[in-house]
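Asks: Please read through the structure below; I'll follow up with questions.
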Amino acid sequence: MTHDLQRTWETYTSSWKAESSLTKRDIFDICLDPTCRYTDPHTQTNDWEQLLAYMADFHQQVPGGHFVTTYFLAHNNRSIAKWDMKNGDDKIIGEGISYGKYNANGKLIEITGFFETP
């Protein structure tokens, strides 16, 4: 089960690196429930459209920005992941931890990110 949730998590993480909203949407279809909620210190989204808008804003601030999971643990349809935020040159510019909650089909229904803010 951990392996399946980790695969779902990594699929979700890849959406942050995808360049187009269409590609992100295709990735969401694989790994996110349509009602997936995303929360971090800067925002709270309640659907794919809001998350896509937040990702677009992120990419305007950090062109080529993406996340790399460095540690992952899961049980009972929940996970934690430690990650590095990287810029387009693949340099680490931040780090954090995210909590994920999954539905019975293994898709994410809730993502909460924790990181330091300036």
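The values are calculated or read from the model by the stated rules, or taken from the named source; none is laboratory data. Just so it is clear, the structure is predicted and the values come from calculations on it, not from any experiment. No Cβ is skipped: glycine too gets one built from the backbone with ideal geometry, and neighbour counts run over all protein chains shown. Heavy atoms of the whole protein, side chains included, go into the accessibility calculation; ligands, DNA and RNA do not. Shrake-Rupley method; radii C 1.70, N 1.55, O 1.52, S 1.80 Å.
Asks: Going by what's in this entry, would Trp83 be described as touching a Lys or Arg at 6+ places or on another chain (Cβ under 9 Å) and of a type in the set (A, V, I, L, M, F, W, C)? Outline the logic, then answer.
Replies: Details: touching a Lys or Arg at 6+ places or on another chain (Cβ under 9 Å): no; of a type in the set (A, V, I, L, M, F, W, C): yes.
No; evaluated as a whole, the condition is false for this residue.
Asks: If you scan region 50-68, which residues turn out to be open to solvent by 30 Å² or more (accessible area, probe 1.4 Å) and under 23 Å from Ile80 (Cβ atoms)?
Replies: Keep residues of region 50-68 that are open to solvent by 30 Å² or more (accessible area, probe 1.4 Å), which gives 50, 53-54, 56-57, 59-61, 63-64, 67-68.
Those that are open to solvent by 30 Å² or more (accessible area, probe 1.4 Å) and under 23 Å from Ile80 (Cβ atoms): Tyr54, Phe67, Val68.
Asks: If you take the residues of region 101-118 that are closer than 15 Å to Trp16 by Cβ and hydrophobic (A, V, I, L, M, F, W, C), which of them is surrounded by the most Cβ atoms within 10 Å (Cβ to Cβ)?
Replies: Leu108
Asks: Select from region 1-49 the residues that are under 12 Å from the mean Cα position of the chain (by Cα) and open to solvent by 80 Å² or more (accessible area, probe 1.4 Å) and write down the one among them that is farthest from Asp90 (Cα to Cα).
Replies: Out of the qualifying residues, it is Arg37.
Asks: Sticking with this structure for a sec: Taking region 85-100 as the region of interest, how many residues are charged (D, E, K, R), surrounded by fewer than 16 Cβ atoms within 10 Å (Cβ to Cβ) and under 15 Å from the mean Cα position of the chain (by Cα)? Step through it out loud before you land on a result.
Replies: Step one: list which residues in region 85-100 are charged (D, E, K, R), which gives 86, 89-91, 95.
If we keep only those that are surrounded by fewer than 16 Cβ atoms within 10 Å (Cβ to Cβ) as well, we get 89-91, 95.
Keeping just the survivors that are under 15 Å from the mean Cα position of the chain (by Cα) gives 95.
The qualifying residues number 1.
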